[in-house]
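Engineer: Here's a structure for you.
No value in this document is a laboratory result; all are computed from the given coordinates. As the structure is a computational prediction, the values presented were derived from the model and not from experiment. Cβ coordinates were reconstructed from backbone atoms using ideal geometry, including for glycine residues, and neighbour counts include every protein chain displayed.
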Amino acid sequence: MSRFFSQKYDTLTPYVPGEQPRDRRYIKLNTNESPFPPSKKALEKAEEVLGRLNLYSDPDCKYFREAIAETYGFDPEEVLAVNGSDEALNFAFMAFADEGRPASFPDVTYGFYPVFARLNGIPYREIPLNDAFEITPSDYFNAPGPVVIANPNAQTGIALPMEAIGEIVKQNPGNVVIVDEAYVDFGGESALPLVKKYENLLVIQTFSKSRSLAGARLGFAIGNKALIQDLNTIRCSINPYNVNSVTLAMGIGALSDPEYMKKNAAYIAEIRELTKQALKDLGFTVTESKSNFILAGHPEADGGFLYRELKNRGILIRHFDTERLSQYNRITIGTREQMQVLLEQIKSILQGK
Ligand code: PMP
């Protein structure tokens, strides 16, 4: 730390993203990316704008917001475009929480939530999942400030039905409920239909997972116009050109190819179920994930040990060295072939070979 660093931030612990090694080619099952390339339509659209990069990107993200509105049945004014859904989450913490309105989220969830809270000086409550790693909706009723729920939840992949989300929203008339649907396309149930009914619901989605655009950084939030206006106040006070032109064009291209996304998401869901079963057959406990990853733990193999052994063998998975997760690992679902290699290596490690 330099002696110039603001006191506001000198105790901040930044979010640690999953490894993105450049030294060696791994089977990469650690950051919930798609194993498939972006849609060809996204790539074509990107080509079209490269020659115009001398101009700033559209600060209104007009065409992209219109395409999202059309795809999901909303008005463009109910849509915010962001530089990855992380940005929308940060904006939402900034806009809807403060010292008197602490944020509430589960103790096991996306690790960026507490970081955003601390960055913005927002107190927070971490509400324990039950022993089966499930969210108990009533724990979030009448919260003292905004509620943040990843659905499906991060690290577990377990999903709540739309009804349960609706109940949390209904029981928080004084707070914004932020539903982070990064993984919804792999089998979850979106809360988007509830946005029409509740003025305090904000749904956030990303193009990083099912739409294979993690490196382009693109996400969106949908909520009633007043909520979106608040987020725009924050956005335009930080960076009105928050989404670059190439990314906006790719987003429009990807939206014009829904079949590609659906086919890939269905494939991942199928491989997820096969992988779940194969791991259970090897003695693992595996979460009932509706996402593109699973959380798996073995009673006789320490999570950290398994992670290190697999890394030595060229396979990256994600280990969280926290109290509740250290016995487990989060494994992104890749292609059939990648998962076969993973399972063979796990078998060999368990046999002590
Ligand atoms: N929410 C959750 C639950 C996530 O796991 C991730 C991915 N790390 C994100 C949001 C952020 O995704 P992105 O910023 O790439 O849209």
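Engineer: Counting other C-beta atoms within 10 Å, which of Phe74, Phe93 has the fewest, and how do the rest follow?
Structural biologist: Fewest-to-most Cβ neighbours within 10 Å comes out as Phe74, Phe93.
Engineer: Looking at the chain from every direction and averaging, what is the projected area of its Cα convex hull in nm²?
Structural biologist: With every direction weighted equally, the projected area is 18.7 nm².
Engineer: Explain nothing, just the number: dipole magnitude of the chain about its Cα centre with +1 on each Lys and Arg Cβ and -1 on each Asp and Glu Cβ, in debye rounded to the nearest 20.
Structural biologist: Result for the chain is approximately 960 debye, rounded to the nearest 20.
Engineer: Looking at region 181-229, which trypsin sites (Lys or Arg not before Pro) are DSSP coil and have at most 12 other C-beta atoms within 10 Å of their C-beta?
Structural biologist: Loop-located and lightly packed - Lys196, Lys197.
Engineer: Work out the charge dipole of the chain with +1 on the Cβ of Lys and Arg and -1 on the Cβ of Asp and Glu about the Cα centre, then indicate which of Gly145, Pro106, Asn200 is farthest towards its positive end.
Structural biologist: Pro106
Engineer: In addition: Given the alpha-carbon gyration tensor of region 206-353, what are the semi-axes of its equivalent ellipsoid in whole angstrom, ordered largest first, with each equal to the square root of 5 times an eigenvalue?
Structural biologist: Value: 37, 19, 14 Å, ordered largest first.
Engineer: With contacts defined as alpha carbon pairs under 8 Å and 6 or more residues apart, what's the relative contact order of region 248-353 in percent?
Structural biologist: 24
Engineer: Something else about it: Run the quick spin-label model on Asp58 and Gln20: label points 7 Å from Cα toward the beta carbon, then report their separation in nm to one decimal.
Structural biologist: Label at Asp58, label at Gln20, 2.7 nm between them.
Engineer: For a quick check of your reading of the filter: which chymotrypsin sites (Phe, Trp or Tyr not before Pro) in region 192-253 sit in a DSSP loop and have no more than 14 other Cβ atoms within 10 Å?
Structural biologist: Listed in order of number, the matching sites are Tyr241.
Engineer: Separate question: Quick one: which residues, 5 or more positions from Arg101 or on another chain, have an amide H under 5 Å from its amide H? H modelled 1.01 Å from N in the peptide plane, none for Pro or chain starts.
Structural biologist: The list, which skips near neighbours in sequence, is empty: none.
Engineer: Output the antiparallel fraction of DSSP beta bridges having both residues in the chain, as a percent to the nearest 5.
Structural biologist: In the chain, approximately 55 percent of DSSP beta bridges are antiparallel ones.
Engineer: Cβ under 13 Å from Val176's Cβ, Val176 left aside: what net charge do those residues give with Lys, Arg +1 and Asp, Glu -1?
Structural biologist: Once all neighbours under 13 Å are counted, the net charge is -3.
Engineer: List, in the order given, every pair from Lys28/Lys276; Lys40/Lys209; Lys263/Lys347; Lys170/Lys262 whose Cα-Cα distance in the structure shown is over 21 Å.
Structural biologist: Lys263/Lys347; Lys170/Lys262
Engineer: Between region 269-290 and region 305-347, what's the alpha-carbon centroid distance in Å?
Structural biologist: Value for the Cα centre distance between the two parts: 13 Å.
Engineer: If you don't mind, another one. Using θ = phi - 60° and the Karplus curve 6.51 cos²θ - 1.76 cosθ + 1.60, what whole-Hz ³J(HN,Hα) does each residue of region 187-202 get, with Gly and Pro shown as x?
Structural biologist: Per residue, the Karplus-derived 3J(HN,Hα) values read x, x, 10, 6, 8, 3, x, 6, 4, 5, 8, 10, 6, 9, 10, 10 Hz.
Engineer: Sticking with this one: Helix-derived [θ] at 222 nm for the chain: sum -39500 (n - 2.57) over DSSP H runs of at least 4, divide by residue count, nearest 500?
Structural biologist: -11500 deg cm²/dmol
Engineer: Write out the chymotrypsin sites (Phe, Trp or Tyr not before Pro) in region 31-64 meeting two conditions: DSSP loop, and at most 11 other Cβ atoms within 10 Å of their Cβ.
Structural biologist: Those satisfying the criteria are Tyr56.
Engineer: Using only the alpha carbons of region 8-162, determine the length spanned along each of the three principal axes and report them from longest to shortest in whole angstroms.
Structural biologist: Over region 8-162, Cα extents along the principal axes are 50, 43, 40 Å.
Engineer: Using unit Cβ charges (K, R positive; D, E negative) and no other charged atoms, how large, in debye to the nearest 20, is the dipole of region 241-301 about its Cα centre?
Structural biologist: 100
Engineer: Just for region 53-256, what percent of DSSP beta bridges are antiparallel, to the closest 5?
Structural biologist: Roughly 40 percent of the DSSP beta bridges within region 53-256 come out antiparallel.
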